[in-house]
Amino acid sequence: MPVVDPESLSAYIRALDSPYEREELFRKYLAMPYQVVNDSPTIKHYTEWSNFEKLNLNLRERKSSINTPIAEGYETYQVVNNVLLRGEVRDGIKCGIVRPEDHKLAALVLSSSRVISIRSGGKFFIYNSCEEGLFCPVAVEVKVPEGETADVVYYSRSIGRAMTGGVISLEVPKGSSLSFSMIGDGRNSFDYTFAKGRVEGEISSSLFSAGYSTGHMEYRVELEEEAIAKFSAKALGLDNNNVSLLANVNHAGKRSSSNGILKAVASGSSYTVIRGDAVIGENALDASTTIIGKALIVGEEAKAVVAPMLEVKTGKIITAKHSASASKVNDDLIFYLQSRGFDRRSAEGLIIRGFLTDEGDNELIRKLVEAAIAGMGY
C-alpha cells in the first residue's frame, strides 16, 4: 500500500501542469526501494519506512480553521491542507538541484507538489501544515543571488494521521550567505523532509525535528572551494515517537570548512536517532571539519542513537574531529526538581529545554521550538 491513495493523487495532479510526467514520477516512486545498502551507521536507515506504507492518505485540498503562525519581518508563504493561503507558487516537477533519484519519498513529493521559488536576498518564512487523513507535499527552491544574503525558515506541522512532505533545494554562490532553518513539529503524525544544498559561499543551518509517530528529516550539503558550513541539528522523541534526523556534509573543494553539532533527546518509550557524516573528498585539500554528537535519555524505556561520522579521503587536511556521548538523566536530578515544586513531567521539560537550547539560537527558531515542545505537554 503506498503512502498516498493512487486515485486521490491522480485526481489532484490533473489540475496541475505536466500530469503525465507526474504520473510517471509516481510510478517511479512505487518502484523504488527505500534503501539499497544497510551496512554502517552512515548508510543504514533507522526509520521505520514500513509505517509510511500503511498510511494510504488522501491528496486533496481541505479548508481549515487552524491558526497559522506569523513571522514578523519575514515574507511569508502559508500552505494549509494543500491550500495556498499566502505567497505565490509555480507549477512544475523540477526543484533546483533535488532529483527524484535522491530518495523514494523525494520522488513522491516531486510528483505531487507545487514549487515555492526564492531567488532574492531577504527573509522568508514558509509554513506547511497538514491535518488528519491528508498528505501535504511542498517543494522549495532557494537560490541566493551572488553577493547577497538570505534568511529562510521552513516550518512544517502535522497533526494525527497526516503526513507533511517537503523537498528543499539550496544554492549559495561564492560571496553569498544563507541562514537556513528547517523545523518539523509533529503531533504523533508523520513527516519526510529532505534538503539538498550546493554551497560556494557560506551557509548556517538550524535543524529540529520533534514529536513524530514516524519522521525522517535529511540534510545534505556539498561544499565547493573555500565554502563554509555550520549546522546545529536537534531531534526530540516523546512518548512512543520514532524520530530520525540525518545531516551530511560533503567537502568537495579545497579549503572548505564545516562545523556541526548533533543533539538527540529520547523520553518516554521513544526511539530517537540523530546521525551526521562529514566527508572530506580526495580533492578537498586543506579542508577542515568538526562534528560532535550528544544524546540525552529521559526514562527507562527510551532509546537514542547518536552517530557522528568522519570519512577522510585525502592525507592533506587542516582538521578532522568528531566525538559522541550519550547519558541518562540522573533520577536524583528529577527528585531535586520535584522537591522544588515541579511535577515529574515539568522537571523533564526543564532538563530537555536546557539540553536543546544553545546560546546562539535565532530568536524566531527559539520561539518555534519552544512552541513545539510546549504543545507536546512539556
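Side notes on the structure shown:
- Rotationally averaged projected area of segment 247-335 (alpha carbon convex hull; nm²): 5.9
- Cβ crowding within 10 Å, taken as a proxy for footprinting-reagent exposure, orders Ser257, Ser18, Ser112 from fewest neighbours to most as Ser18, Ser257, Ser112.
- Using the rule -39500 (n - 2.57) for each DSSP H run of four or more residues, divided by the residues of the chain, the 222 nm mean residue ellipticity is -5500 deg cm²/dmol.
- Under the Debye formula (equal points on every Cα, no solvent term), log10 I(q)/I(0) of segment 143-202 at q = 0.15, 0.18, 0.28 Å⁻¹: -0.51, -0.64, -1.06
- Judged by a Cβ-Cβ distance under 4.7 Å, the unpaired cysteines of the chain are Cys95.
- Amide hydrogen proximity for Ser176: with H placed 1.01 Å from N in the peptide plane, the residues at 5 or more positions away or on another chain lying under 5 Å are Gly147, Gly201, Glu202.
- In terms of other Cβ atoms within 10 Å, Phe355, Phe180 run from fewest to most in the order Phe355, Phe180.
- Assuming charge only on the beta carbon of Lys and Arg (+1) and of Asp and Glu (-1), the dipole of segment 6-330 about its Cα centre is about 360 debye to the nearest 20.
- Over 20 Å (Cα to Cα) - which of Lys28/Lys143; Lys294/Lys321; Lys196/Lys234 fall in this group: Lys28/Lys143
- Relative contact order computed over the chain (Cα-Cα under 8 Å; 6+ residues apart), in percent: 10
- Between Gln338 and Asn51, the contour length at 0.36 nm per residue exceeds the Cα-Cα span by 99.6 nm.
- Given R0 = 22 Å, the distance between the Cβ atoms of Val83 and Lys367 translates into a calculated FRET efficiency of 0.35.
- Ordered by the number of other Cβ atoms lying within 10 Å of each residue's own Cβ, fewest first, His216, His103 fall into the sequence His103, His216.
- Within the chain, percent of DSSP bridges classed antiparallel, to nearest 5: 5
- For segment 6-330, with +1 on Lys and Arg beta carbons and -1 on Asp and Glu, the positive-most of Ala264, Phe190, Ser64 along the dipole: Ala264
- Across segment 186-193, computed HN-Hα scalar couplings (Karplus, 6.51 cos²θ - 1.76 cosθ + 1.60, θ = phi - 60°) run x, 10, 6, 10, 10, 7, 9, 10 Hz from first to last residue, x flagging Gly and Pro.
- Relative packing of peptides 162-170, 22-30 - highest average C-beta neighbours within 10 Å first: 162-170, 22-30
- Packing, as the average of other Cβ atoms within 10 Å across residues, places the peptides 127-140, 326-339, 308-321 in the order 127-140, 308-321, 326-339, highest first.
Bear in mind that the values in this text are calculations on the coordinates, not laboratory data. Since we're looking at a predicted model, the values are computed, not measured. No Cβ is skipped: glycine too gets one built from the backbone with ideal geometry, and neighbour counts run over all protein chains shown.
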